[in-house]
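K.L.:
For reference, the structure I am asking about is given below.
The values are calculated or read from the model by the stated rules, or taken from the named source; none is laboratory data. All of these numbers come straight from a predicted model, not from anything done at the bench. Virtual Cβ from ideal backbone geometry, glycine too; neighbours counted across all protein chains shown. To get the accessible areas, we keep the full protein, side chains included, count just its heavy atoms, and leave off ligands, DNA and RNA. Shrake-Rupley method; radii C 1.70, N 1.55, O 1.52, S 1.80 Å.
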Amino acid sequence: MLLPFLEEGRIEAGCDEAGRGCLAGPVYAAAVILPPDFHNELLNDSKQLTEKQRYALRPIIEKEALAWAVGVVDNVEIDKINILSASILAMHRAVDQLTLRPEHLLIDGNRFKPYRDPSSGLAIPHTTIVKGDGKMMSIAAASVLAKTYRDDFMNTAAQQYPGYDWLSNKGYPTAKHRAAIKQLGTTPLHRMSFNLLGDGQLTLDF
């Protein structure tokens, strides 16, 4: 049973990311502020939903949320600052775009860097929640948006780079994806700081 809020009467934004473990493509994050009476039987951690369910939920979340936004950090930035920092930065970028200022941030996971409101310079308090996408409605909603928007990107990228099976693996390190990297080399979307072949080598020289 997902909880509607951590503290009643407070404007809370749930934040989650998608694509952290991928070998290619950006990391996406979303921030969502839901109304206190929001309810949807289908809403859950996006990993527990089918692709069809996620895409069915997205327009509902976007229509009924008090505010929502998506932030992106591309693979070049990921290689420069590391994936943890990039995931947090993507969340910050999502919160930057919210049309309603949250009073508190609910973060999926156990790591976060304080977010400062650009207008006031003040940090917005946050709470990290391990497996929060399966506990809080707003984080679950953010997980759905982050996942579907990232999937949209990778589906488009798959047309440009058809040999890597991105329509199926979305950039994650499957055997087929790694075999394609070994055979075809890397694309401009691959994360060169990652162990692309799964053999302990962090970078490739093609």
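To keep it simple, each residue is scored yes or no on (1) within 14 Å of the chain's Cα centre (by Cα); (2) of a type in the set (A, V, I, L, M, F, W, C); (3) open to solvent by 10 Å² or more (accessible area, probe 1.4 Å); (4) modelled with pLDDT under 95.
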residue	(1), (2), (3), (4)
Leu3	no, yes, yes, no
Leu6	no, yes, yes, no
Arg20	yes, no, yes, no
Leu23	no, yes, no, no
Ala31	yes, yes, no, no
Asp37	no, no, yes, yes
Asn44	no, no, yes, yes
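K.L.:
Out of the residues in segment 168-185 meeting the condition of being without any contact (Cβ under 8 Å) to a residue 24 or more places away in the chain and not in a helix (DSSP H, G or I), tell me which one is farthest from Asp199 (Cα to Cα).
P.N.:
Ranking the candidates gives Gly185 first.
K.L.:
So, in segment 1-32, how many residues would count as being outside any loop (DSSP other than H, G, I, E, B) and closer than 26 Å to Glu77 by Cβ?
P.N.:
13
K.L.:
Can you pull out every residue in segment 109-128 that is outside any strand (DSSP E or B), open to solvent by 50 Å² or more (accessible area, probe 1.4 Å) and free of Cβ contacts under 8 Å to residues at least 24 places away in the same chain?
P.N.:
Answer for segment 109-128, where residues must be outside any strand (DSSP E or B), open to solvent by 50 Å² or more (accessible area, probe 1.4 Å) and free of Cβ contacts under 8 Å to residues at least 24 places away in the same chain: Asn110, Pro114, Pro118, Ser119, Ser120, Leu122, Pro125.
K.L.:
Working only within segment 144-187, note down all residues that are of a type in the set (Val, Ile, Thr), open to solvent by 10 Å² or more (accessible area, probe 1.4 Å) and under 27 Å from Gln53 (Cβ atoms).
P.N.:
Thr156, Thr174
K.L.:
Also, I was wondering about something else. Kindly indicate whether any position in segment 171-183 is under 14 Å from Glu17 (Cα atoms), at pLDDT 95 or above and not basic (Lys, Arg).
P.N.:
Within segment 171-183 (the criterion being under 14 Å from Glu17 (Cα atoms), at pLDDT 95 or above and not basic (Lys, Arg)), the answer is no, since none of the residues qualifies.
K.L.:
Moving on to the next point. Within segment 129-143, can one find any residue that is surrounded by 20 or more Cβ atoms within 10 Å (Cβ to Cβ), hydrophobic (A, V, I, L, M, F, W, C), within 30 Å of Pro188 (Cα to Cα) and under 12 Å from the mean Cα position of the chain (by Cα)?
P.N.:
Scanning segment 129-143, I find at least one residue that is surrounded by 20 or more Cβ atoms within 10 Å (Cβ to Cβ), hydrophobic (A, V, I, L, M, F, W, C), within 30 Å of Pro188 (Cα to Cα) and under 12 Å from the mean Cα position of the chain (by Cα), so the answer is yes.
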